[in-house]
Amino acid sequence: MENPADAVRTFAFSLPEAYEDHPWGESVAKVGKKVFVFFGLADDTGRPFGFSVKLPTSNDEALAMPFTQPTGYGLDRGSWVTVRPPIDAPLELLTAWIEESYRAVAPKPLVARLDAQNAHVR
């Protein structure tokens with residue numbers, strides 16, 4: 001079974017035209033020129049798994065979880081949430097948050113492509 005950190009990264013980079021970048025030495029997932037997931041420092045092996053996502057719709061629900069907090073650096077004003085999930089956190093929840101963040105920043109044609117892909121899966 002894939003560990004949650006790898007599964008979340010794999011999901012993020014599977015979204016239409018998503019790619020990895022390393023601004024400020026951090027690993028991030030971008031679509032176009034916009035970040036939709038901050039994974040943290042690339043060599044940050046001593047810290048627990050976590051990531052930050054933009055959650056304009058489920059922000060309040062997410063922040064009610066014991067393993068989340070508003071993202072620092074003023075990003076909390078933009079609905080960014082930092083997630084440090086326990087190992088048994090539901091992967092479906094984590095990937096849903098990543099997809100919401102992607103949808104919040106991706107161009108509309110790419111969101112439409114994701115909707116079309118999801119329709120084929122169902």
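Quick grid of which residues meet (1) modelled with pLDDT of 90 or more; (2) surrounded by fewer than 20 Cβ atoms within 10 Å (Cβ to Cβ):
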{"position": "P23", "(1), (2)": "no, yes"}
{"position": "A29", "(1), (2)": "yes, no"}
{"position": "G40", "(1), (2)": "no, yes"}
{"position": "T45", "(1), (2)": "no, yes"}
{"position": "G50", "(1), (2)": "yes, yes"}
{"position": "P85", "(1), (2)": "yes, no"}
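Could you tell me whether the stretch 91-103 includes any residue that is without any contact (Cβ under 8 Å) to a residue 12 or more places away in the chain, outside any helix (DSSP H, G or I) and loosely packed, with under 10 Cβ neighbours inside 10 Å? No, because not a single residue in the stretch 91-103 is without any contact (Cβ under 8 Å) to a residue 12 or more places away in the chain, outside any helix (DSSP H, G or I) and loosely packed, with under 10 Cβ neighbours inside 10 Å. Being among the aliphatic types (A, V, I, L, M) and in contact (Cβ under 8 Å) with a residue 40 or more places away in the chain is the filter here, so list the residues in the stretch 10-28 that pass it. Those that are among the aliphatic types (A, V, I, L, M) and in contact (Cβ under 8 Å) with a residue 40 or more places away in the chain: A12, L15, A18.
Condition check: under 18 Å from R9 (Cα atoms) and more than 12 Å from the chain's Cα centre (by Cα). Does A62 satisfy that? Against the criterion (under 18 Å from R9 (Cα atoms) and more than 12 Å from the chain's Cα centre (by Cα)), A62 does not qualify.
Of the residues screened, T82 is one that is within 13 Å of the chain's Cα centre (by Cα) and in a strand (DSSP E or B). Checked against (1) under 15 Å from L15 (Cβ atoms); (2) surrounded by 12 or more Cβ atoms within 10 Å (Cβ to Cβ), N118 passes all but condition (2).
On inspection, G72 qualifies as more than 21 Å from A7 (Cα to Cα), at pLDDT below 90 and assigned to a loop (DSSP other than H, G, I, E, B).
The values are calculated or read from the model by the stated rules, or taken from the named source; none is laboratory data. Note that the structure is a prediction, hence the values are computed from the model and not measured. Note that each Cβ is placed from the backbone with ideal geometry, even for glycine, and that neighbours are counted across all protein chains shown.
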